[in-house]
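Below is one structure, written out as structure tokens, with a few remarks after it.
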């Protein structure tokens, strides 16, 4: 069993020793930079759409909160105390 594992290891080491370094092409850097410059990350149209939706949601949130506060101040029923005398009428 040791002999077969030794042979396997030797075969792997031979394959690793035969690996040759590959030289990149001379214009690889230029090609990479040109592709990066052509690629549009986020179009301006979609950024403006997201900004408009964000403003709409924030303004809706403020209007809902302000309406709830106005309703709480006009409703004074929570100030009037109602007594419950059911336990005393037995």
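The values are calculated or read from the model by the stated rules, or taken from the named source; none is laboratory data. Not measured: the values here are computed from a predicted model. Reconstructed Cβ throughout: ideal geometry from the backbone, glycine too, with neighbour counts over all protein chains shown.
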Going through region 42-90 one residue at a time, which ones are modelled with pLDDT of 80 or more and not in a helix (DSSP H, G or I)?
-> 42, 43
Residue match in region 12-19 (condition: in a helix (DSSP H, G or I) and surrounded by 10 or more Cβ atoms within 10 Å (Cβ to Cβ)) | yes
